[in-house]
Amino acid sequence: MTRRQRQRGREVNGILLLDKPIGITSNDALQQVKRLFDARKAGHTGNLDPMATGLLPLCLGEATKVSAFLLDADKRYRGTCKLGVRTNTGDADGEAIETRPVGEFSEAQVREVLARFTGEIEQIPPMHSAIKHQGQPLYKLAHQGLEVERQPRRVTIYELSLVRLAGDELEIDVHCSKGTYIRTLAEEIGAALGCGAHLNQLRRTMAGPFTEAGMVTMDQLKQLLLEGGQAAIDGLLLPIEGALAGWPAINLTANLAYYVRQGQAVQVSQAPTQGWVRLIGPEGDFIGVGHILDDGRVAPKRLFHAA
């Protein structure tokens, strides 16, 4: 591939909040959006399974530099557990491997069980996941009928609430840390209830600072492009800085901004004593992401060529 071919596409920067449709992978959704925007560069911020819908922030151009921060951010999901049936994948895409009768549960009983999974817990990643074992994604091994030992991972469930209990369906709302497998949680809830369960539906409603409120569907995106061209869909893009909402802002003088742009750490009065910060230039423009060093200086970590 020539350099000319590699650089095809527009230089477009910003974050799109896509309402991912059911039945496609996150990467499929990303590639469709990238083509619609004719974007030179794009990346997503963490996989949603094909069966899942909802909030998938997509980063275009310079915004790909903040995708890792969104990947590490807390998430919120609305999920439906199908009680009485276990599947080999833990979700509705798998085959049933066990069926049990579902008893009559009261809402109080269910809430008592859900409370057991609130806080810091350990989960064993499912075989049908993208985690790699000796260079191979687990789901590829699972498709070959293989199962390997997986080490438990520590995750945090900040909030786990009952939304609806109707017969053999249990709907939950989950606010959790990165790396939480909701289908594994559904299986564990089913086991605690004594009847087994799998995840029947899943929708992501929050990712870091972003919520459902600003989402756009693929169909809406295509229609807007048809009616108004790429300028119309460019108007849907959120500023890169929006991914870092809540981070402290460091306002730099022209002199300090110059040194930061050269990659040098600088001393800023009244700066935070630790953690990540947003770097704001003398014109109020967002110029990058920094981290506080042990000696109190602000070190640039990601600099942006476009706001």
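Among Ser269, Ser106, Ser67, what is the fewest-to-most ranking by other Cβ atoms within 10 Å?
Ordered by Cβ neighbours within 10 Å, fewest first: Ser269, Ser106, Ser67.
Which three semi-axes in whole Å describe the equivalent ellipsoid of the chain, each the square root of 5 times a Cα gyration tensor eigenvalue, listed largest first?
Computed over the chain, the values are 39, 24, 19 Å.
Give, in nm to one decimal, the length gained when the segment between Ala191 and Phe69 is fully stretched (0.36 nm per residue of separation minus the Cα-Cα distance).
Fully extending the segment from Ala191 to Phe69 adds 40.5 nm.
DSSP H helices in the chain with Cα extent of 30 Å or more along the helix axis and mean Kyte-Doolittle hydropathy at least 1.6?
Going by DSSP H runs, there are no hits.
Indicate the gyration tensor shape class of the range 70-131 (rounded, prolate or oblate), computed on the Cα atoms with a ≥ b ≥ c the square roots of the eigenvalues: a/c under 1.5 is rounded; otherwise a/b larger than b/c is prolate and the rest oblate.
Because a/c hits 1.5 or more and a/b fails to exceed b/c, the range 70-131 counts as oblate.
By how many nm would the segment from Ala96 to Gln262 lengthen if fully extended, with 0.36 nm per residue of separation less the alpha-carbon distance?
Gain on extension, Ala96 to Gln262, equals 53.9 nm.
Write down the Kirkwood hydrodynamic radius of the range 235-307, to one decimal in angstroms, obtained as one divided by the mean of 1/r over all alpha carbon pairs.
12.3 Å
Just Arg78, Arg164, Arg183 to compare: in a GNM of the chain, with alpha carbon springs under 10 Å, which one fluctuates most?
Between Arg78, Arg164, Arg183, it is Arg164 that shows the largest mean-square fluctuation.
Take Ile292, Ile124 and order them by how many other Cβ atoms sit within 10 Å, fewest up front.
Listed from fewest to most nearby Cβ atoms, that is Ile124, Ile292.
Straight-line reach only, C-alpha to C-alpha below 15 angstrom: list the aspartates and glutamates that Lys65 could link to, leaving out same-chain residues fewer than 8 apart.
Candidates past the 8-residue exclusion: Glu11, Glu241.
Among Leu55, Leu165, Leu83, which one moves the most in a GNM of the chain with springs linking Cα atoms closer than 10 Å?
Of the options given, Leu165 has the highest mean-square fluctuation.
Using amide H atoms built 1.01 Å from N in the peptide plane, name the residues 5+ places from Val268, or on other chains, whose amide H lies under 5 Å from its own.
The list, which skips near neighbours in sequence, is Val298.
How do Ile157, Ile189 line up, fewest other C-beta atoms within 10 Å first?
Ile157, Ile189
Of the listed pairs Lys82/Lys222; Lys20/Lys301; Lys20/Lys178; Lys222/Lys301, which have alpha-carbon separations greater than 27 Å here?
The answer is Lys82/Lys222; Lys20/Lys301; Lys222/Lys301.
With a cut-off of 8 Å between alpha carbons and a minimum separation of six or more residues, what is the relative contact order of the chain in percent?
Relative contact order here is 20 percent.
Here, each number is a calculation from the coordinates, and none is a lab measurement. Nothing here was measured: the structure is a model prediction, and the numbers come from that model. Cβ: placed from backbone, ideal geometry, glycine included. Neighbour counts: every protein chain shown.
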